[in-house]
């Protein structure tokens, strides 16, 4: 039986780098281009970075926590890695594709596995029109920002902004305002995963807005279109009974 070819990746943190040296010494290392699986050592931020790195190649990623929160990671252990990989269960995520147009007409595209967020750049609140599938749903939202989240990302920035947690199987995308001023009582919406969302910035010179897809930022945007890209998928591996669906469900009962 052919042994799984493992490529290791680690964040710059001291603990992750020390763990990397020990894991490579124990299991060897493989170039990512030839790997069957990538083992990411770090925290959730590094897991997102690794998923973006291998998204086009559709290589599964098994994370081990060498960071702080580790919501998307498995517990770290140096023993029985091949057994853990063989038993691991995959969660499949589809990214959001952001198409942003800046005030100069420049077009930028990026993918997000957590969320696409629009954020005010200066002291003035942002003014944003929101359309869904070609129909204006909110003529003007005055706010610090707004975000559209994937189900996997619903427990991240979306949750901090008081958005709803969404199960992976729900095929829903949370649309959540950030410090909405008008309409004051609007708490956001749950959109079908097939929705095409368009954000248009009012008064962009006076009220500049940045768009962020995970860690990729575009400044001074005029419009941002976001939709789920079903042609791409990220596969995250979890130990049995510790899958992402279970973690998202359990997060709803955390007090």
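Quick rundown of the values:
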quantity: Mean separation of Cα contacts under 8 Å (6+ apart) over length of the range 1-118, as relative contact order %; calculated: 19 percent
quantity: Relative contact order of the chain, defined on C-alpha pairs under 8 angstrom at six or more residues apart (%); calculated: 22 percent
quantity: Rg and Dmax of the range 96-228, Cα atoms only, in Å; calculated: 13.3, 41
quantity: Rg/Rh (Cα only; Kirkwood hydrodynamic radius) as it applies to the range 1-43; calculated: 0.99
quantity: Semi-axis lengths (Å, descending) of the ellipsoid that matches the C-alpha gyration tensor of the chain; calculated: 36, 18, 16
quantity: Cα-based shape type of the range 81-146, given that a ≥ b ≥ c are square roots of the gyration tensor eigenvalues and the cut on a/c is 1.5; calculated: prolate
quantity: Choice from 221, 132, 201 with maximal GNM fluctuation in the chain (Cα, 10 Å cutoff); calculated: 132
quantity: 0 to 90° range, to nearest 10: angle between helix 44-54 axis and the chain longest Cα axis; calculated: 80 degrees
quantity: Global form of the range 129-180, assessed from the alpha-carbon gyration tensor, a/c cut-off 1.5; calculated: oblate
quantity: Separation between Cα centres of the range 17-52 and the range 86-105, rounded to whole Å; calculated: 21 Å
quantity: Percent antiparallel among DSSP beta bridges (both partners in the chain, rounded to 5); calculated: 80 percent
quantity: CD proxy at 222 nm, helix term only [per DSSP H run n ≥ 4: -39500 (n - 2.57); per residue of the chain; nearest 500]; calculated: -5000 deg cm²/dmol
quantity: Percentage relative contact order, the range 96-228, counting C-alpha pairs under 8 Å, at least six apart; calculated: 33 percent
quantity: Rounded tilt (10° steps) of 14-27 against the dominant C-alpha axis of the chain; calculated: 40 degrees
quantity: Highest-fluctuation residue, 43, 67, 134 considered, GNM on the chain with Cα pairs under 10 Å; calculated: 134
quantity: Exposure proxy ranking, count of Cβ atoms within 10 Å, fewest first, for 214, 31; calculated: 31, 214
quantity: Residue order, fewest to most surrounding Cβ atoms within 10 angstrom, among 181, 253, 199; calculated: 253, 181, 199
quantity: At 1.002 mPa s and 20 °C, Stokes diffusion of the range 1-89 via Kirkwood alpha-carbon radius, µm² per second; calculated: 166 µm²/s
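Bear in mind these aren't lab numbers, they're just calculated from the coordinates by the rules spelled out. Please read these numbers as outputs of a predicted model, since none were measured by experiment. Quick reminder, even Gly has a Cβ in these numbers, built from the backbone with ideal geometry, and neighbours come from all protein chains shown.
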